[in-house]
């Protein structure tokens, strides 16, 4: 069971492996928001790549989330702040969602046999799932507009570290090794480690420190969103 | 003065900045070999992307280096082992060169205003050059077939670390921050740190431990190869 980490959606084709379970990661904030949504009773989500597709769902009467550059796109119900999904109005609903990076990463991995949504919020249940499945694992980091980012890499490193040192998985590529090293430095203070990161600074300008702290706190939402056809559902 | 690190040639277009000095890095072994060649008296090198172009230079009577997957391509004079360039037969010569990753990275950066060849072998002279130029710096890691690799990242981290902490450059992206962190962990034992890296294992199979040790030993060849038109020359 081999683990690879693909740092950006752009690079996915180099990593595609029909035997891998893919874990999509966009810590700040799409996959954290999606995990939170399912934990709060959302039944299905429909990730779409473009604003146009999101609009089409809106016109059909769906609740629709659309975020670009950290903010809710005008005319939509939700963005990618996890706090938007912590209320009763989402319970039982199907929500279409498009975000700057996260839904692009899901789109890139469409051919994968299985796609899970990972975040610090569901970290331990993801580890548990992967160790039981005993298959190759490919992490796809959403990054920021196809550039590497730290927070997604740290999460990949956290999971890889457990799978390698506790459950006999192997770290098959240098990006996995680097992710594990970075996680080892950062693990006692993820928030402090990310102080200078580009994305955190971007979000700080939007006054989203509360979101960042929440997204970096492990295991608050023990639920695994998973792709099934064009939908995300609870695994 | 901002520093960015592009982990693979594939991603170059996302990082292109007309104001940046580009440093191309392929520690194992293209940029180490090129640095060694100039230190041993080579006058010009012509980096080419394909074996076909290399053949054309061979037919014109040039000394030609061609490496694919770690080995000298049949019919050529040299590969990318630095030891191949430590002899009097290269002195005063112009050599055409194509390698699996390194020359592809040079090719990707063609539009840059200035391209330097970096390796641990010329580390301090590169730092000196960059701090005096006071311009943005973009490191392009050759990686391995467009995947991230550790050794190129460590070198970018080493230079970035000095420029940021001693000379007031800024680390403009998460990949720079990650590279500096990785260098800080690895710096006291680069060879040991890279023990499990994919590329080192690849080369170990070819019995190239001597090459690896040499390529990781700083400042043996204080010379800077630089692109000038289609040629590499001594800066």
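What to note about this one:
- Ascending distances from the residue B:18 label point to its copies in the other chains, with the point 7 Å along the Cα-to-beta-carbon line: 4.7 nm.
- Measuring nothing but alpha carbons in region A:65-128 and taking Rh as the Kirkwood radius, the Rg to Rh ratio lands at 0.99.
- Distance distribution P(r), region A:83-195, all Cα-Cα pairs, bin width 5 angstrom from 0: 2, 10, 18, 21, 21, 14, 9, 4, 1 percent.
- Modelled FRET efficiency - R0 25 Å, residue B:88 with residue B:56, Cβ distances, 0.05 increments: 0.40
- Peptide-level mean, for A:166-174, of C-beta atoms on other protein chains within 10 Å: 3
- 37 °C / 0.692 mPa s Stokes-Einstein diffusion coefficient of region A:146-216, Kirkwood radius on C-alpha pairs, µm²/s: 255 µm²/s
- Separation of alpha-carbon centers, region B:1-64 and region B:97-130, rounded to whole Å: 5 Å
- Separation in nanometres of the label points that stand 7 Å from Cα toward Cβ, at residue A:202 and residue B:202: 3.0 nm
- Folded to 0 to 90 degrees: helix A:174-186 orientation relative to chain A principal axis, Cα: 80 degrees
- Segment residue B:167-residue B:145, length gained on full extension (0.36 nm per residue, minus Cα span): 4.6 nm
- Histogram of C-alpha separations across the protein assembly as shown, 20 Å bin width, %: 25, 50, 22, 2
- Under the Debye formula (equal points on every Cα, no solvent term), log10 I(q)/I(0) of region B:2-228 at q = 0.07, 0.10, 0.14 Å⁻¹: -0.19, -0.39, -0.80
- Cα-based helix-to-principal-axis angle, B:123-133 vs chain B, degrees rounded to 10: 60 degrees
- Highest-MSF residue in chain A out of A:26, A:77, A:211 [GNM, Cα springs under 10 Å]: A:77
- Of A:165, A:85, A:57, the residue with the greatest mean-square motion in the GNM of chain A, using alpha carbon springs below 10 Å, is A:165.
- Difference of contour (0.36 nm per residue) and Cα-Cα distance, residue A:230 to residue A:19: 74.0 nm
- When the Gaussian network model of chain B links Cα atoms closer than 10 Å, the mean-square fluctuations of B:164, B:223, B:23 top out at B:164.
- Expressed to the nearest 5 percent, the antiparallel share of DSSP beta bridges inside chain B is 25 percent.
- Given R0 = 56 Å, the distance between the Cβ atoms of residue A:217 and residue B:77 translates into a calculated FRET efficiency of 0.40.
Every read-out reported here was derived from the displayed coordinates using simple, explicitly stated rules and does not represent laboratory data. In this text, all values refer to a predicted model and were calculated from it rather than measured experimentally. Please note: Cβ atoms are built from the backbone with ideal geometry, for glycine as well, and neighbour counts cover all protein chains shown.
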